[in-house]
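Notes for the one structure printed next.
The values are calculated or read from the model by the stated rules, or taken from the named source; none is laboratory data. Since the model is a prediction, treat every value here as computed from it, not as a measurement. FYI the Cβ positions are ideal-geometry reconstructions off the backbone, even for glycines, and counts take in every protein chain you see.
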Amino acid sequence: MAQKNIDVVYGLYDDEVIMMEAVKKANSDHLEIMDVYSPFPVHGLDPLLGLEESRLHIAGFIFGALGTLTAFLGMTWIFTKDWPIIFGGKPYWSVPAFIPITFELTVLFASIGMVVTFYTICGLGPGVTNPYLDDRITDDKFCIAFNKSEVESSAAESFFSATGASEVNHKTI
Amino acid sequence: MNQFVFKSTVKTFLISFMVLGLLCMGITWFSDDELHTRFWTNLLHNSVFFTGISLMATFFIAVCITAYAGWHVQFKRVWEAFGSFIYLGIGLMVFIALATYFDLNHLYHWAGDIEGDKVLEGKSGFLNKNWYLFGTIIIGGTWIFFYNRLRALSLEEDRDGAGVNFAKHRRMRWYAGFFLPIVGFTSAAMIWQWIMSLDAHWYSTMFAWYSAASWFVAMIALTILILLYLKANGYYDNVTQEHIHDIGKFLFAFSIFWTYLWFSQYMLIWYANVGEETIYFKERMDNYPVLFFGNLVVNFVLPFFILLRNDTKRKFGSVGFVAGLVVLGHWWDYFLMVKPGALHTAHEVAAHHDHSHGAGDHGAEAAHGAMEAAGHGAEHASHFVSGFTLPGLLELGTFFGFFALFLFVAFTSLSKASLVPENDPYLGESLHHHV
């Protein structure tokens, strides 16, 4: 999180269906939603918020391909140039024997690469403390947050009471 | 539209393809060698392939019921329709088994004279005509029984409602639970008998899984094709991109699973380098190189790279294209499992005939001649043998005939019940399915 000290007004909802309706209303009222927090992924929320499909899997593919090449070219170099050993009368360059390791390294690179990419993009990691709005959005509450510099406090509050939020709070994060 | 109408134009279309198939089989029979190997292998190949698809459809219904899955419920009638081919499929297999029993074909080396053949004598407890015939009848009958029960309960549920506490569904769960381990073991036993024993001296512990995976992928691909066809004709409006996406994932995942098994089998044999095991791959790589490597391209490389992206699994064009490719690809895979072994057996039988001819005059020399003939047979295969080295037009015609037959049976079954099982307890979940 590059930005600091954002004044936020947020409403907590008890149910994801009510929250989804509220998001639809916010869209039609042209209220700019800063973010929505939920304890679990809510189906159909992404298109409502206008979020594009994640490009994380492109990174995953690139890391995976990198892993494939590392393993395959690495073994090729080791077993043909660096330290050729005959195993069971097989040729030095024994492609079938390379496949399992190539597969493993593809998976390893793709998974680790994606985790690192994801953590970097989200600003997560060991020793990093990220501000959060409310404990209960990791448990049973669904939260819609507005940035006060984009949405008037009073407009947000009337929006929350109209859409059935169970609680409205202000916070600076 | 909740009732599928099997239009007479479609019927005519399918029947004309069935006639084409019959015609091709007839031509194959009359243009064949004296053993009619090409005819019998084509019959076996297609019967096993489509019987397997129908078995896998029933198997997958059982899997979904046992796993408390709900997403598929809207279109589970399609799988029930595929499953209905099992009656005819087992009928065809029993026909082949009877023909083997009465020595009318020479598909299987073990079914012939195995005297002095230590390996086949050792296997004769399992690889014999009685087992083949009665295994086909008993195990096939078991599959039919379970399919019949699952289908009947599904129809009852439609008619009478789900019952108190979803009694019908619980009953189905009971049958499904029993069916799973049974199909796990019996499908392996039948694959050993029907397919693996074509290469009678050879065996592989991976083989049953590998061919069953081939069936399964073909079934999934065919499901996609049929669903797209039905949607294009105005049925199944509620089967959306989301459902197709999930079946597309199955297609993707199980194509990889198939490749995993294919490769595991290949690598273990390659690594161990035991002559009696490597012969299987040597035969195929030397004499069928295009089919052998093309098999991997069609069934792994193309589905993998095309379906890797999220959106290609959701777009009907791309997922339908891959599904069509993969159905053909696994038919091709079965071609490779069936043909080389059967061709080899045919050559051996021919050589054996030569052997018994000359045996009276000069024993040792004749034996030598037989060996030469067998060697000549293997050599012969390295030249182009139409219908064996590559699927010829007659093979394709037979395939289309069987395909049309399969679709005819499936569509007939589909038209006998409502397309969406209205009283299935998981219907709501299926209607709201979202990935």
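Only one of A:ASP82, A:ASP46 is within 14 Å of chain B (Cβ to nearest Cβ) and either touching an Asp or Glu at 6+ places or on another chain (Cβ under 7 Å) or acidic (Asp, Glu) (or both). Can you tell me which?
Matching residue, one of A:ASP82, A:ASP46: A:ASP46.
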For region B:104-213, which helices (runs of 4 or more DSSP H) that fit wholly inside it have 1 or more residues that are on the phi < 0 side of the Ramachandran plot, buried (at least 17 other Cβ atoms within 10 Å of the Cβ) and in contact with a Cys (Cβ under 9 Å, 6 or more places away or on another chain)?
B:167-194
When you check A:GLY89 against the structure, is it within 11 Å of another protein chain (Cβ to nearest Cβ) and of a type outside the set (D, E, K, R), yes or no?
yes
Between residues in region B:422-434 that are within 12 Å of another protein chain (Cβ to nearest Cβ) and more than 16 Å from B:ILE65 (Cα to Cα) and residues that are among the polar types (S, T, N, Q) and in a helix (DSSP H, G or I), which pairs lie under 9 Å by C-beta distance while being six or more apart or on different chains?
B:HIS433/B:GLN74
Filter region B:132-158 down to residues that are in contact with a helix residue (DSSP H, G or I) (Cβ under 7 Å, 6 or more places away or on another chain) and of a type in the set (Phe, Trp, Tyr), then give me how many there are.
4
If a residue must be polar (S, T, N, Q) and modelled with pLDDT of 90 or more, how many such residues does region A:44-74 contain?
2
State all residues of region A:124-173 that are loosely packed, with under 11 Cβ neighbours inside 10 Å, touching a helix residue (DSSP H, G or I) at 6+ places or on another chain (Cβ under 9 Å) and of a type in the set (S, T, N, Q); if no residue qualifies, say none.
A:ASN130
Extreme residue, surrounded by the fewest Cβ atoms within 10 Å (Cβ to Cβ), among residues of region A:25-43 that are more than 14 Å from chain B (Cβ to nearest Cβ) and among the β-branched types (Val, Ile, Thr)
A:ILE33
I'm checking my understanding of the structure. Among residues of region A:49-79 that are away from chain B (no Cβ under 14 Å) and not hydrophobic (A, V, I, L, M, F, W, C), which one is surrounded by the fewest Cβ atoms within 10 Å (Cβ to Cβ)?
A:GLY50
Among (1) aliphatic (A, V, I, L, M); (2) touching a residue at least 60 places away in the same chain (Cβ under 8 Å); (3) more than 14 Å from chain B (Cβ to nearest Cβ); (4) not in a helix (DSSP H, G or I), which single condition is A:ALA22 missing?
(4)
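Results for (1) among the charged types (D, E, K, R); (2) in contact with a Gly (Cβ under 6 Å, 6 or more places away or on another chain); (3) assigned by TED's automatic domain parsing to the domain that holds A:GLU150, shown as yes or no for each residue.
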site	(1), (2), (3)
A:GLU16	yes, no, yes
A:LEU45	no, no, yes
A:ILE78	no, no, no
A:PRO84	no, no, no
A:GLY89	no, no, no
A:MET114	no, yes, no
From the residues in region B:401-422 that are surrounded by fewer than 19 Cβ atoms within 10 Å (Cβ to Cβ) and farther than 20 Å from B:MET219 by Cα, which one is modelled with the lowest pLDDT?
B:GLU422
Residues of region B:1-24 being crowded, with 20+ Cβ neighbours inside 10 Å and among the aliphatic types (A, V, I, L, M), which ones?
B:LEU14
For region A:89-120, enumerate the residues that are within 30 Å of A:TYR10 (Cβ to Cβ) and without any contact (Cβ under 8 Å) to a residue 24 or more places away in the chain.
A:VAL115, A:TYR119, A:THR120
Take A:GLY88 and decide whether it is outside any helix (DSSP H, G or I) and on the phi > 0 side of the Ramachandran plot.
yes
Out of the residues in region B:252-271 that are farther than 15 Å from B:SER214 by Cβ and more than 9 Å from chain A (Cβ to nearest Cβ), which is surrounded by the fewest Cβ atoms within 10 Å (Cβ to Cβ)?
B:LEU268
Restricting to region A:81-101, count the residues that are more than 25 Å from B:VAL274 (Cα to Cα) and not charged (D, E, K, R).
1
Give the number of residues within region B:263-277 that are part of a helix (DSSP H, G or I) and out of contact with any helix residue (DSSP H, G or I) (no Cβ under 6 Å at 6 or more places or on another chain).
8
From the list A:LEU108, A:LEU48, A:LEU69, A:LEU73, pick out the single residue that is in a helix (DSSP H, G or I) and in contact with a Lys or Arg (Cβ under 9 Å, 6 or more places away or on another chain).
A:LEU48
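Out of all the residues in region B:279-295, is one or more outside any helix (DSSP H, G or I) and surrounded by fewer than 21 Cβ atoms within 10 Å (Cβ to Cβ)?
No, because not a single residue in region B:279-295 is outside any helix (DSSP H, G or I) and surrounded by fewer than 21 Cβ atoms within 10 Å (Cβ to Cβ).
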Across region B:53-77, which residue is nearest to B:PHE166 (Cα to Cα) among those that are aromatic (Phe, Trp, Tyr) and surrounded by fewer than 23 Cβ atoms within 10 Å (Cβ to Cβ)?
B:TYR68
Name the single residue, out of those in region A:100-123 being more than 20 Å from the chain's Cα centre (by Cα) and aliphatic (A, V, I, L, M), that is surrounded by the fewest Cβ atoms within 10 Å (Cβ to Cβ).
A:ILE101
